Amino acid sequence: MPYNALKDFTPISLIGRSPAFLVASPYFQVQTAREAITFAKANPGKMTMAIAGTGSVVVDLFKARSGLNFISVPYKGSSPAMIDLMSGQVNVMITTMASAGTHIKAGKLRPLAVTGNKRNSDFPEIPTFAELGINGMDYEQWFGIMGPANLPKPIIDKIFLAMKQVLNMPDVRERLSGMALEVASPTPEEMKRKVEEDSNRWQKLAVELDIKPID
């Protein structure tokens, strides 16, 4: 990236965090995550995985931890990937409930598994990848507020306190919960720690999988 996430921004507040869900097209022949894993093992290179962009760290993580051989299909964003997934052009996708939730509730997508070390409280019927024997899927997507580098502390504190008030509003918490977002209100120091931890985690994964920057 043309910027350094640790040096070029000032962490202010985390808004919420959300796990990722493995979802399947209603036209895919499997009904559960175990069936999807069995299909992928029995048919190497046959299962297709939609990706919103040229790459996906969570898909790379899934491939590394599961050892499955499937085809990654890149799309120019989440919307066209969702359209093809719902129409059966691709089999599965790993995405957030913010993107897939409406389609799941409408029966247009089938949820199979969720990242993290525990089931999501809003979707308790969906098993974790760990329950399926795929460990190390500790990915989560998070949303937060960042400012430019060297932002004065009085400004940081003012924005952080305002965000804390907003995140305590019942209607805001309800809306975020409906998207499977766990509401968070950490200090700027905790936000900084989160950025550092994620940066280190994905750098290690890039080395592990020999992922190189695109010229």
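Just so you know, all these numbers are worked out from the coordinates, no wet-lab data involved. Note that the coordinates shown come from a computational prediction; the quantities given were computed from them, not determined experimentally. Reconstructed Cβ throughout: ideal geometry from the backbone, glycine too, with neighbour counts over all protein chains shown.
Below are the figures for this structure:
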{"quantity": "Among the listed pairs LYS164/LYS194; LYS41/LYS212; LYS76/LYS204, those beyond 19 Å (Cα-Cα)", "calculated": "LYS41/LYS212; LYS76/LYS204"}
{"quantity": "Radius of gyration and Dmax over the Cα atoms of region 138-203, both given in Å", "calculated": "13.4, 37"}
{"quantity": "Extension reserve of the LYS153-ALA106 stretch, reckoned as 0.36 nm per residue once the Cα distance is removed", "calculated": "12.3 nm"}
{"quantity": "Potential lengthening between VAL183 and ARG34 on full extension [0.36 nm per residue; Cα-Cα distance subtracted]", "calculated": "50.6 nm"}
{"quantity": "Protection-proxy order for peptides 128-136, 68-76, each taking the mean of Cβ atoms within 10 Å per residue, highest first", "calculated": "128-136, 68-76"}
{"quantity": "Cα gyration tensor shape of region 93-215, rounded if a/c is under 1.5, else prolate or oblate by comparing a/b with b/c", "calculated": "oblate"}
{"quantity": "Linear extension gain, GLU196 paired with LYS7, 0.36 nm per residue minus alpha-carbon span", "calculated": "67.0 nm"}
{"quantity": "Descending semi-axes in whole angstrom, ellipsoid equivalent of region 1-158, from the Cα gyration tensor", "calculated": "32, 17, 16"}
{"quantity": "Computed helical MRE - 222 nm, the chain, DSSP H runs ≥ 4 contributing -39500 (n - 2.57), nearest 500", "calculated": "-12000 deg cm²/dmol"}
{"quantity": "Fraction of antiparallel bridges per DSSP, region 36-181 only, in percent to nearest 5", "calculated": "10"}
{"quantity": "Spin-label model distance (nm) - GLU125 vs LEU209, 7 Å beyond Cα toward Cβ", "calculated": "3.1"}
{"quantity": "Separation between Cα centres of region 120-137 and region 146-215, rounded to whole Å", "calculated": "23"}
{"quantity": "Nearest-ten-degree value, helix 33-42 long axis tilted from longest Cα axis of the chain", "calculated": "60"}
{"quantity": "Alpha-carbon centroids, region 1-15 and region 60-112: separation in whole Å", "calculated": "28"}
